[in-house]
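The values are calculated or read from the model by the stated rules, or taken from the named source; none is laboratory data. Computed from a prediction, not measured in an experiment: that's the story for all the values here. Quick reminder, even Gly has a Cβ in these numbers, built from the backbone with ideal geometry, and neighbours come from all protein chains shown.
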């Protein structure tokens, strides 16, 4: 009878165990907390519905593709939210699952928010620092996750796109003399994906060695269609490979397009999949 009870309890616990095994891994950007703010790393985040905020211990959440699909490509995803919160579900988890379906390993970044309530952070200092550290951390652990270091990209939505610009077009070389080996790695992405990126930190000039870019927004976006077209022109001036999609309608914040009534917006992720395929990013 005792054996039967133990078996029954084991069966009850099994689904929970299996569920726990599928939970994504979370990797803090710094094991002891963000530089200068180590004493705040244990403060709990706030999360509700679709968003997360009150981020004091920036991190990467890892989404691994099925073994039979993984191809060695990786993307760091930077959700939007106006630097007040992160649109975690629709601009973090949803793009991660889509990219996983293409065989891409995804790291969703929780970066510090310069406009959160009573925030001690500055966008161009701390969000930038988190973006750079995220790229370096992924590169430093490439072997562990089966990643090709020549195919590590970065993707941003709205305010997350501003983080992408800061990482891509600002100083991003590694420091060969840094005491932390992670900081010796380059943070330069191999490719860039910008979905209605915000207006901050668009470079004056796109350098000739900039990574190829995929740009997408709606023409009626009151915030971010103009910045995207400015970035497109700078890419064209630099003669760096770029693909841009400007949809007639969609406004701002359509995420992965799943909730839109517009067919073009519903299907935009396929345009990204095509670009990744055509540029050999999905191939070993």
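Quick rundown of the values:
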{"quantity": "Within the range 44-64, tally of residues that are assigned to a strand (DSSP E or B) and under 13 Å from the mean Cα position of the chain (by Cα)", "calculated": "5"}
{"quantity": "Test result for residue 170, in contact (Cβ under 8 Å) with a residue 40 or more places away in the chain and within 24 Å of residue 53 (Cα to Cα)", "calculated": "no"}
{"quantity": "Residue list for the range 265-284, restricted to those being modelled with pLDDT under 95 and touching a helix residue (DSSP H, G or I) at 6+ places or on another chain (Cβ under 9 Å)", "calculated": "283"}
{"quantity": "Residue 114 modelled with pLDDT of 95 or more and crowded, with 23+ Cβ neighbours inside 10 Å", "calculated": "no"}
{"quantity": "Qualifying residue in the range 38-51 (condition: buried (at least 22 other Cβ atoms within 10 Å of the Cβ) and either in contact with a helix residue (DSSP H, G or I) (Cβ under 7 Å, 6 or more places away or on another chain) or more than 25 Å from residue 193 (Cβ to Cβ) (or both))", "calculated": "no"}
{"quantity": "Count of residues meeting criterion [in contact with a helix residue (DSSP H, G or I) (Cβ under 9 Å, 6 or more places away or on another chain) and surrounded by fewer than 20 Cβ atoms within 10 Å (Cβ to Cβ)] in the range 245-256", "calculated": "6"}
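A quick yes/no check of all residues on (1) modelled with pLDDT under 95; (2) surrounded by fewer than 20 Cβ atoms within 10 Å (Cβ to Cβ); (3) part of a loop (DSSP other than H, G, I, E, B); (4) in contact with a helix residue (DSSP H, G or I) (Cβ under 9 Å, 6 or more places away or on another chain):
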| position | (1), (2), (3), (4) |
| --- | --- |
| 161 | no, no, no, yes |
| 165 | no, no, no, yes |
| 172 | no, yes, yes, yes |
| 183 | no, yes, no, yes |
| 197 | no, no, yes, yes |
| 206 | no, no, yes, yes |
| 217 | no, no, no, yes |
| 221 | no, no, yes, yes |
| 243 | no, yes, no, yes |
